[in-house]
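Asks: One structure, as structure tokens, below. Some questions next.
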Amino acid sequence: MHVTAVGTSGGLPTSRYGTSCIHLQLFGDEILFDCGEGSRQRLMRYDASPNVDAVFVSHFYADHTLGIPGLVQALEMNGRDKPLDIYVPEQRTRRAHEMIEGAYRWPSYTVTVHGYSENEPVRQTDDYTVRAFGTPYTDHSHGFVLQETDRREFIAEKARALGLDPGPKYGMLQNGQPVETDDGTTVEPGDVLSEPRSGRKVVYTGDTRPTAGVVDAASDASLLIYSAMFTEEHAHRARSTGHSTAAEAARVAAESGSERLWLTHISPRHEGDEQTLETQATAVFENDVTAVRDGATTQLTRE
Ligand SMILES: [Zn+2]
């Protein structure tokens with residue numbers, strides 16, 4: 001899974017950095033967590049595909065949504081032939097329609113606005129599931145948990161040792177069906193598959209205060225992408241505006257057992273002083289911490 005920080009500025013774009021957008025490429029899907037103003041241009045700048053399959057919107061503020069109409073229009077002008085899924089809080093579907101149609105028109109390719117709730121998977125494929133959790137920021141604001149499906153690998157040596165040559169029976173075993181060898185012995189899938197290997201988990205908080213709910217959602221995350229707007233000197237401001245400090249983000253990372261922490265949604269006032277955010281977070285969370293700026297990437301590999 002490849003992850004790119006496309007927009008990392010909190011609230012407002014600056015001359016260098018765009019507003020919220022995280023791009024993930026996994027299993028042939030290109031997905032975005034939020035799509036702030038100008039996201040499409042930055043996707044191209046940072047070699048992340050703008051040919052997006054799905055956009056997940058954490059809440060309906062401009063610094064998380066304004067890039068959507070431009071993305072929708074550009075896809076049509078580039079001859080889009082596959083559908084685009086846009087996931088918004090269920091109370092915001094009408095607003096999403098109005099935003100797209102008001103800024104352009106409803107496109108000729110298939111764009112589906114899905115209203116999501118916290119009670120059911122937002123998107124589910126064979127390879128991964130995305131679900132939402134509530135955050136105490138504004139009305140109908142959320143974060144997202146992306147969990148890869150656990151996998152069992154097929155071990156060909158074991159199959160051969162049991163008397164099976166490569167062929168259609170390998171595929172049947174991989175699909176969970178028992179098969180018979182030439183001498184009539186039954187081979188069960190469990191005889192030739194590895195122990196389940198845990199899928200990777202990426203958690204994107206959206207804008208939030210550090211709460212027990214966020215800690216719970218982030219449990220054992222491979223990568224926690226946290227909206228950490230302020231340094232400790234502005235802790236009162238973080239509290240009064242519903243945001244978090246870098247140290248608060250780090251506390252969530254530590255309490256949730258996350259492996260890595262990306263600090264994003266950084267206040268324009270801290271531009272050029274990202275080191276302070278990292279230092280304050282590192283004092284609380286001993287694992288890998290990065291205050292990411294636009295264009296930062298990482299590859300997450302399965303253990
Ligand atoms: Zn925001």
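The values are calculated or read from the model by the stated rules, or taken from the named source; none is laboratory data. Here the structure is a predicted model, which is why all the values come from computation and not from measurement. Heads up, the Cβs are rebuilt from the backbone with ideal geometry, glycines too, and the neighbour counts pull from every protein chain shown.
Asks: Answer yes or no: is there a residue in segment 287-298 that is closer than 25 Å to VAL88 by Cα, of a type in the set (Asp, Glu) and in contact (Cβ under 8 Å) with a residue 24 or more places away in the chain.
Replies: There is at least one residue in segment 287-298 that is closer than 25 Å to VAL88 by Cα, of a type in the set (Asp, Glu) and in contact (Cβ under 8 Å) with a residue 24 or more places away in the chain.
Asks: Scanning for something surrounded by 13 or more Cβ atoms within 10 Å (Cβ to Cβ) and in a loop (DSSP other than H, G, I, E, B), does segment 165-177 turn up at least one residue?
Replies: Looking for residues that are surrounded by 13 or more Cβ atoms within 10 Å (Cβ to Cβ) and in a loop (DSSP other than H, G, I, E, B), one finds none in segment 165-177, hence no.
Asks: How about segment 16-111: which strands (runs of 3 or more DSSP E) wholly inside it have at least 1 residues that are among the β-branched types (Val, Ile, Thr), within 16 Å of the ligand (Cβ to nearest atom) and buried (at least 20 other Cβ atoms within 10 Å of the Cβ)? Spell out how you get there, then give the answer.
Replies: On the way: elements: 21-26, 29-33, 54-56, 84-89.
Hits in segment 16-111: 21-26, 54-56, 84-89.
Asks: Limited to segment 141-153, what total is found for residues that are touching a Ser or Thr at 6+ places or on another chain (Cβ under 8 Å) and under 17 Å from GLN174 (Cβ atoms)?
Replies: Total satisfying the criteria: 4.
Asks: Of all residues in segment 179-188, which are of a type outside the set (A, V, I, L, M) and either touching a Pro at 6+ places or on another chain (Cβ under 7 Å) or part of a strand (DSSP E or B) (or both)?
Replies: GLU180, THR186, GLU188
Asks: Just one of ASP126, ASP139 is surrounded by fewer than 13 Cβ atoms within 10 Å (Cβ to Cβ), at pLDDT 90 or above, in a loop (DSSP other than H, G, I, E, B) and charged (D, E, K, R); which is it?
Replies: On inspection, the qualifying residue turns out to be ASP126.
Asks: Being buried (at least 24 other Cβ atoms within 10 Å of the Cβ) and over 11 Å from ALA249 (Cβ atoms) is the filter here, so list the residues in segment 207-222 that pass it.
Replies: If the condition is that a residue be buried (at least 24 other Cβ atoms within 10 Å of the Cβ) and over 11 Å from ALA249 (Cβ atoms), then ASP207, ALA217, ALA221 are the ones that fit.
Asks: For segment 223-247, how many residues are crowded, with 24+ Cβ neighbours inside 10 Å and either part of a helix (DSSP H, G or I) or acidic (Asp, Glu) (or both)?
Replies: Of the residues in that region, 1 qualify.
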